[in-house]
Amino acid sequence: MNSTAGEVLVASLAAHGVDVAFGIPGTHNLEIYRHLTGYGIRHVTPRHEQGAGYAADGYARTTGRPGVAIVTTGPALLNIATAVGQSYSDSVPVLVVSPGMPLHHPQRGTGLLHEMRDQRAAMSTVTRIAHRVTSHAELTEAVAQAFAEFAAERPRPVHLEVPLDLLAERAEVEIAAPLRVARRSPDPSLVAGAADALARAERPGILAGGGARGAAGELRVLAERLGAPVLTTTNGKGVLPEDDPLALGSALHLPAAAEFVGDCDVLLAVGTELAPTDWWYGPPARPASLIRVDIDPAQLLVNARPDLAIAADAAPAVAGLGAALRGVPAREGDRARAWRARLRAQARAEGARWLPWLDAVAAVLARDAIVTADNAMGCYYGALGNLPVRVPAGFCFPTGFGTLGYAVPAAIGAAIGQPARQVLALAGDGGLMFSVQELATAAAEGIPLPVVVFVNGGYGEIRAEMREAGIAPLGVDLAVPDFAALARALGGYGVTVRDPDHLTAELADAFGRPGPSLLLVPEGDAP
């Protein structure tokens, strides 16, 4: 085909199954926008580029397909960088496309609109690959390479920069077809060794992270065969339905979680970094024997060195273990019941302030509902340990990088990717203000999106940390705006709920109402 690079880009995205993109048009990326509709790619316009990044992240987590964001040069690209950093931290496949300075632009610059010294260098700090292409052929190949790496490797964001003069330049090019790639298969001898260790274990356990989301069925079979209790990380929440008798939940920071790990004579850790952001108060006591499965070989030695390491995709590795243990008699789950009771008691004690509200939320949620959450106290002290999730990727939370403002735009991406499922956002009033403008996006798209906001008058966690450190609270007490009126002004609905029963009723209405519904829960410790 003889086409501009803008059309080559869009044709390449369409060839890889992309049917939705999140972004904001600008002076330098219009040649991309010229072709989106013609190639059947739906465009969703957030009200800030950071929102585009979070929406692409939420879309990717909940569909298993890469999320795509399109921004323009300079400030727009820097606006999305925070969201891309979150996707990198949580191993989410997001492709960000932007124009760049012209092919032969002087390194010292000329003062061109949106000029940056080195966009590629800036984005290389928050992506797996930041690639500046220099020809039409390289562009279509770079798209194919990005999607192949998303499919075969640990999925992390990619940035493609297309010089703005190249976007409008025509050339003859053949669009690269999708590469057929396979994820890493396990070494059979290592699987046999791990199976032997698990078969001999008296107190086996499983720790499942976000990398195990694609192995949910295989993991459940293995857990039942071993009678092994299953802990999950925050990103692994729901890999085993949390109403399953073997599910211990995902609040790894609770003392009983660390004690459980130390009690295991063999612990199988699948698709997890064993990261400090999950354990909070330091690593747990080391189990007698640790087996790690991870698609990223470099990760296998980080945070805890295993006795046996399997570099492979979770699904074939766990399936191989299940097959090798097929002759092992199934064990009873008495041990799981005891640990489950301990963890549940600790989670409910920690989240007592939010329990009535979370129970009100749970009463309305379908089994396959998706919850996106922000870094708010009601989310990590409350929902993480107390709101049951029953499907993989049913709880989307910004771990690791720990951004604010994630919940609402990520929920928009999730709802667009999974329109037949309930999607709910949980936030605090401080974090909500980072991206409250995205309520207008949900209204424009007609998305039935309830947003439950725990209102404590600012940054409650930091306020508490200041007090604990003997520092007079400074910069953390914020005036609470009329959020209900703000929601209405942005095209949605808003109300302060009186009690948990009122919240349940409002949620039931919100799931049937096109547009966002801001449901405000006042907390007692607001200044």
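Using 0.36 nm per residue of separation minus the Cα-Cα distance, give me the extension gain between L113 and A177 in nm, one decimal.
19.6 nm
Note on the chain: helix-only mean residue ellipticity at 222 nm, from DSSP H runs of 4+ residues weighted -39500 (n - 2.57) and normalised by residue number, equals -11000 deg cm²/dmol. When you count the other C-beta atoms within 10 angstrom of each residue and take the mean per peptide, 462-472, 5-15, 361-371 line up highest first as 5-15, 361-371, 462-472.
Of interest is the spacing of the C-alpha centroids, which for segment 449-518 and segment 266-281 amounts to 31 Å. Full extension of the segment from R513 to D196, taken as 0.36 nm per residue of separation minus the current Cα-Cα distance, would add 108.7 nm. Over all other residues within a Cβ to Cβ distance under 10 Å of L290, the charged ones net out to +2, with Lys and Arg as +1 and Asp and Glu as -1.
When the P(r) of segment 188-344 is calculated, the portion above 25 Å amounts to 16% of the C-alpha pairs.
Neighbours of L490 by Cβ distance under 14 Å: Lys/Arg scored +1, Asp/Glu scored -1, total -1. Secondary structure note: in the chain, about 5% of the DSSP beta bridges are antiparallel. For the chain, averaging the sequence separation of C-alpha pairs within contact (under 8 Å, six or more residues apart) and dividing by the residue count gives a relative contact order of 14 percent. Annotation: peptides 411-419, 218-226, ranked by per-residue average of other Cβ atoms within 10 Å with the highest first, follow the order 411-419, 218-226. Once the Cβ-Cβ distance of R467 and D499 is raised to the sixth power relative to R0 = 25 Å, the FRET efficiency obtained is 0.30. Once the Cα-Cα distance is subtracted from the 0.36 nm per residue extended length, the T125 to S189 segment shows a gain of 19.3 nm. When you filter the trypsin sites (Lys or Arg not before Pro) in segment 43-120 for DSSP loop state and at most 14 other Cβ atoms inside 10 Å of their Cβ, you are left with R108, R117.
Cβ crowding within 10 Å ranks H105, H28, H35 as H105, H35, H28, fewest other Cβ atoms first. The Cβ shell under 11 Å around G400 holds other residues with a net charge of -3, Lys and Arg each +1, Asp and Glu each -1. Here Kirkwood radius over Cα pairs in Å was computed from the coordinates, and among (1) 24.0; (2) 25.1; (3) 28.5 the match is (1).
Every number here is computed from the coordinates shown, using simple stated rules; none is lab data. In this text, all values refer to a predicted model and were calculated from it rather than measured experimentally. Cβ: placed from backbone, ideal geometry, glycine included. Neighbour counts: every protein chain shown.
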